[in-house]
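No value in this document is a laboratory result; all are computed from the given coordinates. Everything numeric here is computed off the predicted structure, so don't read it as measured data. With ideal geometry, Cβ positions are generated from the backbone for all residues, glycine too; neighbour counts draw on all protein chains shown.
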Amino acid sequence: MSAVPAAFRVPPAPPVTNNRVAAALLALAAAEEPGGRASSEYRAAARTLRELGADLFGRRFALASLPEVSPRAADAIGSFLACGSDENVDDALAAMLDHTDPAAGRKRDFLSRADADRILSAPGGLTRANLCGDLHLHTDRSDGRLPLASLHRALERRGDCYALLTDHARDCAVAGGLFPADFRAQRREVDLLNAKGLFGFKMFLGAEANIAEDGTLDVTPRNVPEVEAVVASVHTDLRSPRDQTARLVRAIETPGVAILGHPKGRLYDMRSGLRADWPRVFSVAAAHGVAVELNGCPERLDLPPALAALAVGSGCLFSLSSDAHAAAHLSFLDFGLAVARLAGIPASRVVNTFSRDRFAEWLEERRAG
Ligand SMILES: [Zn+2]
Ligand SMILES: [Zn+2]
């Protein structure tokens with residue numbers, strides 16, 4: 001978070017953030033019997049804190065009245081808020097557990113909703129109004145919950161100009177991945193919906209291609225011509241200690257790849273993601289005109305802010321996305337926007353700011369390879 005340009009200053013965080021209290025609650029949960037009542041209560045409260053639109057520090061109200069916050073979790077939140085600083089929260093937690101939180105590193109450099117809203121409240125920097133649409137979206141045809149028509153309507157009604165639909169392909173069988181015939185059917189459905197639209201909204205048909213361990217992809221416009229371009233993402237071998245630069249580079253160099261999706265593959269409180277020579281990955285992406293994703297799903301927040309700042313220096317393009325699997329996730333685009341602001345990314349480097357014609361041209365260039 002140190003790469004903030006002088007022109008844009010992040011408003012200061014309160015001394016104790018919801019984010020740090022949530023991290024401490026999760027550490028308490030992990031110390032309890034797995035699946036037991038105390039563990040579930042701490043986890044539910046942590047989720048609530050990460051989703052609240054304002055930090056709790058300095059406010060007066062009954063903590064147990066917050067959604068999903070039990071009296072036991074409210075007591076813990078109250079004692080953490082009384083610590084006076086995020087650092088003191090860590091010390092208090094270590095005293096309670098008798099050791100430091102072993103998962104602390106997997107919860108750092110993420111943003112709570114309150115963090116994102118605070119970052120976006122400051123003047124200057126990229127705003128929602130600069131973005132023409134979302135470029136990573138799932139329907140109930142793979143592992144999302146929204147039918148395609150409902151998703152199309154929601155984006156159109158929001159006033160978006162375009163979107164890139166990216167259901168999983170066959171290698172993500174657990175996610176109900178689509179086969180070529182399924183993409184052909186989706187092509188017909190998207191074309192019909194686009195033709196019926198009233199406000200000129202256009203959905204482009206993409207896919208979320210899975211990057212196999214050798215860097216090959218399960219779907220590209222070459223093997224499924226109905227697909228205009230793909231977001232290529234890693235979903236396996238994410239805890240391996242080996243360097244995975246070659247895997248990512250091969251994917252980026254594949255014609256038809258427009259976006260490198262959630263590049264690090266990290267998950268909040270779960271895993272730190274893969275190891276790679278990031279300057280090399282970013283320079284190859286920049287050279288190929290492939291955008292790196294700022295995935296706004298708060299459990300992913302991937303790229304993290306520091307890597308996003310590194311990618312700016314490498315000359316990369318960026319794609320901001322929600323990776324929405326349900327209607328409530330569509331607002332996750334804000335978290336990608338917050339990371340873009342933290343990293344000092346100018347609007348001109350963000351492909352979602354392209355006009356629809358320019359965006360279509362950029363996809364076409366990626367197909368040409
Ligand atoms: Zn993915
Ligand atoms: Zn996805």
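Might you report the magnitude of the Cβ-based charge dipole of the chain about its Cα centre, with Lys and Arg at +1 and Asp and Glu at -1, to the nearest 20 debye? Show your work: numbers first, answer last.
Working: 43 positive and 46 negative charges, 131 e Å.
For this selection, approximately 620 debye.
Restricting to DSSP H runs of at least four residues, report the calculated mean residue ellipticity at 222 nm for the chain, -39500 (n - 2.57) per run over all residues, nearest 500 deg cm²/dmol. Don't skip to the answer; put the middle values down first.
Values: 12 runs with 140 residues, N = 369.
Mean residue ellipticity, 222 nm, calculated: -11500 deg cm²/dmol.
Could you work out how much longer the chain between residue 356 and residue 149 gets when fully extended? Use 0.36 nm per residue separation minus the Cα distance between them, nm to one decimal.
Values: separation 207, 0.36 × 207 = 74.52 nm, distance 2.05 nm.
Roughly 72.5 nm would be gained on extension.
Name the residue from 343, 261, 181 whose Cα lies farthest towards the positive end of the charge dipole of region 128-368, charges +1 on Cβ of Lys and Arg and -1 on Cβ of Asp and Glu.
343
What do you get for the angle between helix 356-368 and the principal long axis of the chain? Use alpha-carbon atoms, 0 to 90 degrees, nearest ten.
Relative to the chain, helix 356-368 is tipped by roughly 70 degrees.
What's the ranking of 54-61, 136-143 by average number of surrounding C-beta atoms within 10 Å, highest first? Could the numbers behind the result be given before it?
Values: 54-61: 13.8, 136-143: 22.1.
So the peptides 54-61, 136-143, ranked by packing, come out 136-143, 54-61.
Can you tell me how region 227-369 classifies by the Cα gyration tensor, rounded, prolate or oblate, using a/c under 1.5 as the rounded cut?
On the way: a/c = 1.40, a/b = 1.10, b/c = 1.27.
Rounded is the answer for region 227-369, as its axis ratio a/c remains below 1.5.
What is the log10 of I(q)/I(0) for the chain, computed with the Debye formula using one identical point scatterer on each Cα and no solvent, at q = 0.07, 0.10, 0.14 Å⁻¹?
Normalising to I(0) and taking log10 leaves -0.31, -0.64, -1.18.
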